[in-house]
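The values are calculated or read from the model by the stated rules, or taken from the named source; none is laboratory data. In this text, all values refer to a predicted model and were calculated from it rather than measured experimentally. No Cβ is skipped: glycine too gets one built from the backbone with ideal geometry, and neighbour counts run over all protein chains shown.
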Amino acid sequence: MTPTGSLFPISLALSLLPVTLLAADPPHEERHHPEHHRRHEAQARAAVDRFVATWNRHDAQALTGLFRHEGDLVDVFGRTAVGWAEIEKRHQDDHQGPFKEATLSGPVTRVRLLESDVAVVDARWEICGMKDASGVPAPPLRFHQTMVLERRDDSWRVVSMRAAQFAPLPVPRPR
C-alpha cells in the first residue's frame, strides 16, 4: 500500500510504540544515576518525616492513610496489624490511650533504595510523654524502626513496618 493507504497510520503507530514505552520509564542507567538516587532518597526521607508529624498529631485515620491498603506493622510491643482496618484500630487504641499526649522523634539512620520505587528505611526513635492507665508518666521508649516504603504515582507509602528494642548481650563484657 502507499503512504496514503489505510495501513500507513497503523504501521506508523506501531513503529512508534517502542519509543513511547521507552520514554515512560527512564533507562536502567538513568534510574541508577546518583542524582536520581539522591532525589528518591530525599523523597523517602520526606515520607518518614510526614509519618512522624502525623503520628504527633495523633490522627489515626491520617496515619493509616500513609500505609498501603495491604500494609502491615509489628509494633515495639510485638503486636501485629495487617491492612488498613487493623492498622487504624491499633493507632486509634494507642493514640486514645498511652500515646495520647506522647511525641515521637528521632533520626533516620539509613535509607537504602532497593529500586527507584522501593526503599528500606531505618530509624532510631523515641516516644516521650506516655502515661499508663492510671495517668502515671512512663519512661521514654527507645527503639529501632525499619520501614519498607514503596512509591506509586509519586507518593511514598509504608508497605511494612517493624519495631525492635535491643537487649543487652547476656554475656560478661571483656575486661
Notebook entry, point to check: Cβ-Cβ below 6 Å, separation at least six or inter-chain, first residue in the stretch 138-157 and free of Cβ contacts under 8 Å to residues at least 24 places away in the same chain, second outside any strand (DSSP E or B): which pairs?
Noted result: none
Item checked: Residue that is nearest to Trp156 (Cα to Cα) [pool: residues in the stretch 58-98 that are touching a helix residue (DSSP H, G or I) at 6+ places or on another chain (Cβ under 8 Å) and among the aromatic types (Phe, Trp, Tyr)] -> Phe67
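Every residue, every condition in (1) assigned to a helix (DSSP H, G or I); (2) at pLDDT 95 or above; (3) farther than 23 Å from Ser116 by Cβ, yes or no:
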site	(1), (2), (3)
Glu30	yes, no, no
Arg45	yes, yes, no
Thr54	yes, yes, yes
Phe77	no, no, yes
Next item on the list: Answer with yes or no whether Arg112 is part of a strand (DSSP E or B) and surrounded by 14 or more Cβ atoms within 10 Å (Cβ to Cβ).
Entry: no
Next item on the list: Kindly indicate the residue of the stretch 73-88 that is of a type outside the set (A, V, I, L, M, F, W, C) and closer than 18 Å to Val52 by Cα and also surrounded by the fewest Cβ atoms within 10 Å (Cβ to Cβ) among those meeting that condition.
Entry: Asp75
Check: Mind checking which residues of the stretch 123-152 are over 13 Å from Ala47 (Cα atoms) and of a type in the set (D, E, K, R)?
Finding: Arg124, Glu126, Lys131, Asp132, Arg142
Note to self: Given the condition touching a Gly at 6+ places or on another chain (Cβ under 6 Å) and free of Cβ contacts under 8 Å to residues at least 40 places away in the same chain, answer yes or no: does some residue in the stretch 99-110 qualify?
What the structure shows: yes
Check: When Glu88 is evaluated against the numbered criteria (1) under 14 Å from the mean Cα position of the chain (by Cα); (2) of a type in the set (D, E, K, R); (3) assigned to a helix (DSSP H, G or I), which criterion, by number, is the only one it fails?
Finding: (1)
Checklist line | Unique residue being within 28 Å of Ala46 (Cβ to Cβ) and exposed (fewer than 12 other Cβ atoms within 10 Å of the Cβ) when the list is Ser105, Ser155 | finding: Ser155
Next item on the list: Please give the number of the condition Pro98 fails out of (1) under 14 Å from the mean Cα position of the chain (by Cα); (2) buried (at least 17 other Cβ atoms within 10 Å of the Cβ); (3) of a type outside the set (Gly, Ala, Ser).
Entry: (1)
Checklist line | Considering residues of the stretch 132-149 that are over 19 Å from Phe166 (Cα atoms) and assigned to a strand (DSSP E or B) only, the residue nearest to the chain's Cα centre (by Cα) | finding: Leu149
Notebook entry, point to check: On the given criteria, is Ala60 surrounded by 14 or more Cβ atoms within 10 Å (Cβ to Cβ) and farther than 19 Å from Glu41 by Cα?
Noted result: yes
Notebook entry, point to check: Given the conditions (1) within 26 Å of Pro34 (Cβ to Cβ); (2) part of a strand (DSSP E or B), and given that Arg50 satisfies all but one, which numbered condition is not satisfied?
Noted result: (2)
